[in-house]
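K.L.:
Attaching a single structure in structure tokens format; questions to follow.
None of the figures in this text is laboratory data; all of them are computed from the coordinates on show. All values derive from a computational prediction rather than experimental measurement. Note that each Cβ is placed from the backbone with ideal geometry, even for glycine, and that neighbours are counted across all protein chains shown.
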Amino acid sequence: MALIQSDVQTKDLLQSQAHIWNHIFSFIKSMSLKCAMELQIPDIIDRHGSPMLLSELVEALGVKQERTQFVCRLMRVLVHSGFFVKQSVSTTRGADEGYLLAPASRLLLNEDPLSIRPFVLAMLHPIMMDPWQDMSKWFQNDDLTPFHTTHGTSLWGPFVQEPKLNKLFNDSLTNDSRLVMSVVLEQCGSVFQGLDSIVDVGGNTGTVAKAIAKAYPNIRCICFDAPQVVNGLVGSNNLTYVGGDMFEAIPNAHAILIKWSLHDWSDEECIKILKNCKQAIPSKEKGGKLMIIDMVVNLDEGDDKLLETQLLFDMVMMSCLTGRERTEKDWAKLFIDSGFSDYKITPILGLRSLIEVYP
């Protein structure tokens, strides 16, 4: 009996060791993906048009033949992670295996309008990664975020100083907005019915506002962001750009939309924004409403992978901003504290939801 107990304990110890090792080296999945992005591997395989042999990939990459085994090992990790698949290929030397894109890698292509490539490179940029080294130090000091501990400034400072990082970030927002709005307009287009005007708060260069303006020519759309973001941008018949500060005031409209922005800010900052939103729209009886596209974390049930990704996003917010990812209870408290009366959550956007909030 003692031997059986010992065997069980040994198995548990070895499984625990493997579990810890897996987490120690999980960063390698991210770094391997970044390496593939920088080498343009998804685009090279896509342009090839058929299963691409390892030798063909090495030649297309322009690396030394001595690197072949290392390319093979990199691709093995990326295949295991679900970014590429292998398929049998007949060659003059017999059967071989070639690489093809997996469904996920379609979103990594450089020229795809929905590409997540800029987001990958932005989030894995050294400026964004370095604060993780100082996380424990931050817990023991009074800095606002770990990003402050590492860089001595807020997240937005390096964006001004590093044009390449700024462009990656803006491109990632643009591509994400294309994806999100294609889903919202197709599956929840009714939320825009009956509106005569809408303000996209924090709308950047106007991808969301443009999509609404095109789909609903009768709706007057305003893209509202900081003056330095929107100055010089040209609108259309039913789209205008307005510069300002959402913490001070928001242009009046029938409805307001805030996409993937409130998670950047603390509860106190969100309440300031939400109160300004409430002041800018008519009553619920007159059709006024606020639409929020953001995460609603469900800690109790659902897809474990989805929940894990939401929790990881929450840690990203903690590392570089004052915000967080919120549960429905968290959102409800924000809405009540801001003077809103009711809300409705529609989980149609994978990690994120469409939240309609009523005065």
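K.L.:
Treat every Asp and Glu Cβ in the range 226-343 as -1 and every Lys and Arg Cβ as +1, leave all other atoms uncharged, and give the resulting dipole magnitude about the Cα centre to the nearest 20 debye.
P.N.:
That gives a dipole near 640 debye.
K.L.:
Please report how far the C-alpha centroid of the range 165-204 lies from that of the range 18-41, rounded to the nearest whole angstrom.
P.N.:
Measuring centre to centre over Cα atoms gives 31 Å.
K.L.:
May I ask for the distance between the Cα centers of the range 214-238 and the range 325-356, given as a whole number of Å?
P.N.:
26 Å
K.L.:
Hey, what do the phi angles of the range 162-179 turn into as Karplus ³J(HN,Hα) couplings, whole Hz, using 6.51/-1.76/1.60 and θ = phi - 60°, x for Gly and Pro?
P.N.:
10, x, 5, 5, 4, 5, 4, 5, 5, 5, 5, 5, 4, 5, 5, 5, 4, 5
K.L.:
Here's something else I'd like to know. Convert 20 °C to kelvin, take the viscosity as 1.002 mPa s, use the Kirkwood radius over C-alpha pairs of the range 149-229 as Rh, and evaluate the Stokes-Einstein diffusion coefficient in µm²/s, rounded to a whole number.
P.N.:
150 µm²/s
K.L.:
Related question: If amide H atoms are built 1.01 Å from N in the plane of the peptide, which residues on other chains or at least 5 residues away come under 5 Å of the amide H of Leu53?
P.N.:
Amide H neighbours of Leu53: Tyr99.
K.L.:
If you don't mind, there's one more thing I want to ask. Tell me the relative contact order for the range 203-242 as a rounded percent, counting alpha carbon contacts under 8 Å between residues six or more apart.
P.N.:
Relative contact order comes out at 42 percent.
K.L.:
Could I ask something else about it? By how many degrees, 0 to 90 and rounded to 10, does the Cα axis of helix 328-337 deviate from the longest principal axis of the chain?
P.N.:
So the helix axis and the longest Cα principal axis differ by about 20 degrees.
K.L.:
Please compute the net charge surrounding Gly350, taking Lys and Arg as +1 and Asp and Glu as -1 over other residues with Cβ under 12 Å from its Cβ.
P.N.:
That sum, taken over residues with Cβ under 12 Å, equals 0.
K.L.:
Convert each backbone phi in the range 123-137 into a coupling constant with the Karplus relation 6.51 cos²θ - 1.76 cosθ + 1.60 (shift: θ = phi - 60°), then list the ³J(HN,Hα) values in order as whole Hz, x for Gly and Pro.
P.N.:
5, 9, 5, x, 4, 7, 7, 4, x, 5, 5, 10, 4, 5, 5
K.L.:
Can you grab the distance from the C-alpha centre of the range 242-264 to the C-alpha centre of the range 75-93, Å, no decimals?
P.N.:
47 Å
K.L.:
Something else now. Within the range 1-62, list the chymotrypsin sites (Phe, Trp or Tyr not before Pro) lying in a DSSP loop whose Cβ has at most 14 other Cβ atoms in a 10 Å radius.
P.N.:
Taking the range 1-62 and a limit of 14 other Cβ atoms within 10 Å, the loop chymotrypsin sites (Phe, Trp or Tyr not before Pro) found are Phe25.
K.L.:
Which residues' amide hydrogens lie under 5 Å from the amide hydrogen of Leu257, considering only partners 5 or more residues apart or on another chain, with H built in the peptide plane?
P.N.:
Val199, Asp200, Val201, Met291
K.L.:
Just name one of Ile41, Ile127, Leu311: the one whose Cα is farthest towards the positive end of the charge dipole of the chain (beta-carbon charges, Lys/Arg +1, Asp/Glu -1).
P.N.:
Farthest towards the positive pole: Ile41.
K.L.:
For a distance above 24 Å, tell me the whole-number percent of Cα pairs in the chain that qualify.
P.N.:
Of all Cα-Cα distances in the chain, 65 percent exceed 24 Å.
K.L.:
Could you name the aspartates and glutamates whose alpha carbon sits less than 18 Å from that of Lys214, not counting residues in the same chain fewer than 8 places away?
P.N.:
Asp176, Glu186, Asp196, Asp200
K.L.:
With the contact rule set at Cα under 8 Å and sequence spacing of 6 or more, what percent relative contact order holds for the chain?
P.N.:
11 percent
K.L.:
Separate question: If I fit a long axis through the Cα atoms of helix 27-38 and take the longest principal axis of the Cα atoms of the chain, what angle between them do I get, 0 to 90°, rounded to 10?
P.N.:
Orientation of helix 27-38: about 80 degrees from the principal axis.
K.L.:
While we're here: Taking a cut-off of 28 Å between Cα atoms, list the lysines near Lys34, but don't count ones fewer than 8 places away on the same chain.
P.N.:
Candidates past the 8-residue exclusion: Lys64, Lys86, Lys137, Lys164, Lys167, Lys259, Lys305.
K.L.:
About its Cα centre, what dipole magnitude does the chain give when the only charges are +1 on Lys and Arg Cβ and -1 on Asp and Glu Cβ, stated in debye to the nearest 20?
P.N.:
680 debye
K.L.:
Would you mind calculating the relative contact order of the range 190-330 from Cα pairs under 8 angstrom and at least 6 residues apart, reporting the percent as a whole number?
P.N.:
21 percent
K.L.:
Between 0 and 90 degrees, rounded to the nearest ten: what's the tilt of helix 68-80 against the longest Cα principal axis of the chain?
P.N.:
50 degrees
K.L.:
Would you pull out the residues with amide H under 5 Å of His125's amide H, same chain only if 5 or more places away, H placed 1.01 Å from N?
P.N.:
Amide H to amide H, under 5 Å and 5 or more residues apart or across chains, His125 pairs with nothing.
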